[in-house]
Amino acid sequence: MLMAENGINVQRFQVASTPGEALEISEKLNVEEYVIKAQILAGGRGKGTFSNGFQGGVHLTKDKRKVNEFVDKMLGQTLVTKQTPKDGVKVSKVMVAEALDIERETYFAILMDRKYNGPVMVGSPEGGMDIEEVAEKRPGAIFTDPIDILTGVTDEQALKMASNLGFVGDKQKEAATQIKNLYKLFVKVDATQVEINPFGETDTGRVVCFDAKINFDDNAAFRQREVFAMDDMAESDPREIEAAKSNLNYIGLDGNIACLVNGAGLAMATMDIIKLHGGSPANFLDVGGNVTEKQVYDAFKLLTADKQVKAILVNIFGGIVNCATIANGITNACKSINLTLPLIVRLEGTNVEEAKQILQDSNLPILSATNLDDAAKKAVSCLS
């Protein structure tokens, strides 16, 4: 809907949650051919496999009756693709759309790129397939062009990219218009990536965005309320949803040593050194620079609720973070939830002596570490 509302050419479609809805949609669309697509937040659906053995999350049919049949085989089933977790993702919605004959497929994307310190256009005349494979085997088929954020995509840039993608004549002009409209959408919704694959042309000369993937900047949620309200969280990790309620940056992993750290870089380093010493991190958890005692308490509740966690490592290097705040949060949490897991704490920085005294006076069985290496070794040794 976002694309159609912003001047971007897409197929006519609707989304169904039941086979009955899919049948109604097929009657309403009343087109010559239908395409049915499983709606999950992952690519590679066409080559995916469902838990019931049904092959492919994208199917074409000219028979209205088969629309219902395909949808019935997809809904409620788990779909595994190259881009899903190994256990796949449950399909709860299916798109029923007008199928168009694609005469030629290309690839186009706009994304934020550190190399260019801003947005960049990426295109290839070889669309409809994994762009990673194209980049690996035929790097010369990839075209990039950085965008000046002050001027946006110019007519010259858009026409040049359209030409690189192989569009000619009126279709080149239309492709250029679509490219400019896609950039306007990119800016309007605070996207970090808008990927169209395939970005193609039909046998009747239409330039159409046949499939899209859009990533949004979480930091812009406060001004993109309508966009973020579309996320029903059905495919999100429940732990990540719970962490977000407390403004904690959390990503669940499959290890057994839980990490509570301040700063994304330090959190990554902590996970790396745990692996270095033979352990496996259970999560990434950055409490940030303005952490409160309540957030530390919430973080401990989150970590201890994970049944695979066998030890907790707290690694705080306090600059703007007050170590005493962390220490109070730790002691309150441990007493409230009756923590029985081994707890290793490394504190350094602002008010560290006060913090160490708080932990010592708590009489809790906390293992103190002198540095990150020592903390990691002690955490791993607790598992043996």
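No value in this document is a laboratory result; all are computed from the given coordinates. What you see is a predicted model; the values in this text were computed from it and never measured. So basically every Cβ, Gly included, is an ideal-geometry build from the backbone, and we count neighbours across all protein chains shown.
Values as computed for the structure displayed
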{"read-out": "Under 14 Å from residue 90, Cα to Cα: aspartates and glutamates that are on another chain or at least 8 residues apart", "value": "72, 232, 235, 237"}
{"read-out": "Per-selection Rg to Rh, the chain - Cα, Kirkwood hydrodynamic radius", "value": "1.06"}
{"read-out": "Euclidean distance of C-alpha centroids, region 51-81 and region 247-319, integer Å", "value": "40 Å"}
{"read-out": "Residues of type aspartates and glutamates that residue 275 reaches as a straight line, Cα spacing below 20 Å, ignoring anything fewer than 8 places off in the same chain", "value": "254, 286, 306, 373, 374"}
{"read-out": "DSSP bridge pairs, the chain: antiparallel proportion in percent, nearest 5", "value": "75 percent"}
{"read-out": "Angle between the chain longest axis and helix 64-74 axis [Cα atoms, degrees, rounded to 10]", "value": "20 degrees"}
{"read-out": "Karplus-derived 3J(HN,Hα), 6.51/-1.76/1.60, for each residue of region 359-374, Hz, glycine and proline x", "value": "5, 5, 6, 6, 6, 7, x, 9, 8, 8, 10, 7, 7, 5, 4, 5"}
{"read-out": "Mean residue ellipticity (222 nm) of the chain, computed from DSSP H runs ≥ 4 via -39,500 (n - 2.57), nearest 500", "value": "-10500 deg cm²/dmol"}
{"read-out": "Residue 349 long-range amide H proximity, modeled H, under 5 Å", "value": "318"}
{"read-out": "Whichever aspartates and glutamates have a C-alpha closer than 17 Å to that of residue 335, once near sequence neighbours (fewer than 8 apart) are set aside", "value": "293, 298, 361"}
{"read-out": "Across 47/73; 82/307; 37/82, pairs whose alpha-carbon gap is larger than 21 Å", "value": "82/307"}
{"read-out": "Residue pairs, from the table 356/378; 160/188; 86/137; 28/173, whose Cα atoms sit over 28 Å apart", "value": "28/173"}
{"read-out": "For region 56-121: rounded, prolate or oblate by the Cα gyration tensor [a/c cutoff 1.5]", "value": "oblate"}
{"read-out": "Ranked by how many other beta carbons lie within 10 Å on average, peptides 286-297, 7-18 from highest", "value": "286-297, 7-18"}
{"read-out": "Largest-first principal axis extents of the Cα set of region 1-122 (Å)", "value": "50, 36, 25"}
